[in-house]
Every structure is written in C-alpha cells, then in structure tokens.
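Written below as structure tokens is the structure these notes are about.
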Amino acid sequence: MVNIKNLKIAYLLPNLFTAGSMFLAVLAIVAASKGVFEKAFWFVVLSAIFDALDGRVARLTKTSSQFGKEFDSLADVVAFGVAPAFIFYFAAGEEFGRFGILAAALFVIFGAVRLARFNVISATTEPNVFIGLPIPAAALFVVGATMLCINYNGGEGAKLALLIAAVIIAVLMVSNIRYPSFKQAHFQKSYFLRALIALIIVCSLFYLYQTEFLALIALIYALVGPARALWTIAQRKRKVRHNEQTD
C-alpha cells in the first residue's frame with residue numbers, strides 16, 4: 001500500500017505538464033479532423049512546450065521517477081507521433097490513398113520505436129547525443145511543413161514532396177545518425193548577454209514568421225545529423241588516404 005502521507009504535491013507537477021501535453025495533442029487531432037489546421041498546428045507547438053517543461057520541472061523539484069519517464073514516452077507517442085500524422089494526413093496525405101495512410105502510419109510506428117530505443121539507452125546513462133532524430137523535432141517539421149503547404153496553396157506536387165519528406169523524417173528517427181543533445185548544455189556567464197540577444201532575435205523571427213521559422217529550424221536540425229555523418233565519413237576516408245600515402 002502506498003502511504004499517502006509520504007506523497008508530495010511536487011511529484012504531481014511534471015506529470016501534470018505531461019498530461020497537458022497529451023491533452024493538447026488530442027485537441028490537435030480533433031481540430032485537424034475538422035479542417036482547422038492552424039489551430040491544430042498551435043496545439044502541437046504548445047504540446048512541445050509542455051513536453052519541454054515537464055522534464056525540467058522534474059529536475060528542478062527533484063521529483064524524477066520511472067513512472068514519469070514512462071508516462072512522458074507514452075504522451076510523446078500521442079503528441080509527436082499520432083497528432084502530426086493526423087494533421088499531415090487530413091491536410092495532404094488523404095489525397096494519395098493508401099500511400100498517405102502508409103506514410104502517416106510509418107511516422108507513428110517509427111516514432112514509437114525511436115522512443116522505445118531511447119528509453120533503453122537512457123535507462124543506464126544520460127546520453128550526450130541523440131541516436132536518431134528526436135520525435136519532437138520530427139513532429140515540428142511535419143506540422144510546420146504541412147502548414148507551409150496550406151498557407152502557400154501547395155498543389156499536388158507540393159503535397160507529394162511533403163509525403164516523401166514525412167517518410168524520410170520517419171526513417172531518420174530510427175536511424176543510427178547522431179544528433180546533438182542540449183539537455184546537458186551549460187552557458188557560461190560571459191555568454192549570457194549574447195545568448196539573451198540571440199533568444200530575442202529568435203523570438204522576434206518566430207513572431208513574424210511562425211510556420212516558416214519553425215519549419216526551417218526543424219529542417220536545419222534534421223539535416224545536422226546526416227551532414228555530421230557525411231563529414232565524419234569524409235574525414236575518415238581522408239585519414240585513410242593520408243596514412244596510405246605516408247606508408
């Protein structure tokens with residue numbers, strides 16, 4: 001039996017943020033089913049903010065738990081797997097019949113696989129890098145690109161490109177490509193002013209061009225992994241050729 005007296009209200013805080021993230025995802029799915037895609041887009045963005053807060057609240061209040069981690073992963077499947085897949089499908093994928101269904105399904109399935117693998121890896125150590133594209137970044141790219149397609153009246157060609165991009169993003173989630181993690185990033189006090197100015201500029205650009213800026217940032221982050229991998233391969237080949245020439 002759980003001793004209720006030993007329970008702390010603080011333990012509820014991170015889980016409330018996680019529940020809020022999942023609730024916003026359901027709202028996004030409902031909005032997308034009604035064709036209100038802009039509202040669905042913002043629900044996913046807010047869900048991502050809630051998801052970012054739950055872990056930080058848990059660390060600040062020292063209330064991290066195994067239950068919280070599992071609950072967060074289940075919420076992420078809904079918020080960043082199911083919700084973006086439905087938004088993409090109702091906005092563009094539906095026109096491609098079974099191919100649209102398959103693209104949406106792969107995004108959800110590969111997102112769940114990505115989260116399961118992350119849980120296994122992080123069970124022993126906190127990774128310095130992410131293996132595979134993190135599902136929140138994948139979700140923000142898909143919903144951002146979908147909104148761009150809607151806002152700029154993208155035709156069948158643009159929707160086909162979106163479908164292909166969604167599949168590629170899904171594959172990147174289950175790839176072995178490394179992506180930078182900012183969870184353990186620490187800013188020196190000397191860089192505080194620069195960081196503040198950069199943050200103000202970022203917020204200003206987001207205020208002016210919400211969907212464009214969000215999709216661009218997510219795309220850049222998605223491309224960082226493959227670019228980094230290609231650079232590493234090129235450096236290794238260059239080192240091998242250099243060793244062969246010196247021998």
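With respect to being over 14 Å from the mean Cα position of the chain (by Cα) and at pLDDT below 95, L148 fits the description.
If you go through region 66-89 and pick out every residue that is at pLDDT 95 or above and among the hydroxyl-bearing types (S, T, Y), you end up with 1. Taken together, the residues in region 41-74 that are more than 21 Å from R117 (Cα to Cα) and under 16 Å from the mean Cα position of the chain (by Cα) amount to 10. Check whether at least one residue in region 225-239 is touching a strand residue (DSSP E or B) at 6+ places or on another chain (Cβ under 8 Å), closer than 27 Å to R56 by Cβ and either modelled with pLDDT under 85 or part of a helix (DSSP H, G or I) (or both), and report yes or no. Checked against the condition, which is being touching a strand residue (DSSP E or B) at 6+ places or on another chain (Cβ under 8 Å), closer than 27 Å to R56 by Cβ and either modelled with pLDDT under 85 or part of a helix (DSSP H, G or I) (or both), region 225-239 yields at least one hit. Candidates F23, F67: the one that is out of contact with any helix residue (DSSP H, G or I) (no Cβ under 7 Å at 6 or more places or on another chain), surrounded by fewer than 14 Cβ atoms within 10 Å (Cβ to Cβ), among the aromatic types (F, W, Y) and farther than 27 Å from S175 by Cβ is F67. Please verify whether region 187-200 includes one or more residues that are at pLDDT below 95, surrounded by 15 or more Cβ atoms within 10 Å (Cβ to Cβ) and outside any loop (DSSP other than H, G, I, E, B). Looking for residues that are at pLDDT below 95, surrounded by 15 or more Cβ atoms within 10 Å (Cβ to Cβ) and outside any loop (DSSP other than H, G, I, E, B), one finds none in region 187-200, hence no. Among the residues of region 75-95, at least one is farther than 20 Å from N15 by Cβ, without any contact (Cβ under 8 Å) to a residue 12 or more places away in the chain, part of a helix (DSSP H, G or I) and of a type outside the set (G, A, S). Among the candidates A92, A52, the residue that is surrounded by fewer than 22 Cβ atoms within 10 Å (Cβ to Cβ), out of contact with any strand residue (DSSP E or B) (no Cβ under 6 Å at 6 or more places or on another chain) and at pLDDT below 95 is uniquely A52. The residues listed here are A137, A165; of these, the one that is at negative phi, surrounded by fewer than 21 Cβ atoms within 10 Å (Cβ to Cβ), in a helix (DSSP H, G or I) and modelled with pLDDT of 90 or more is A165.
The values are calculated or read from the model by the stated rules, or taken from the named source; none is laboratory data. Remember, predicted model here, so these are calculated numbers, not experimental data. As a convention, Cβ positions derive from the backbone with ideal geometry for all residues, glycine included, and neighbour counts pool all protein chains shown.
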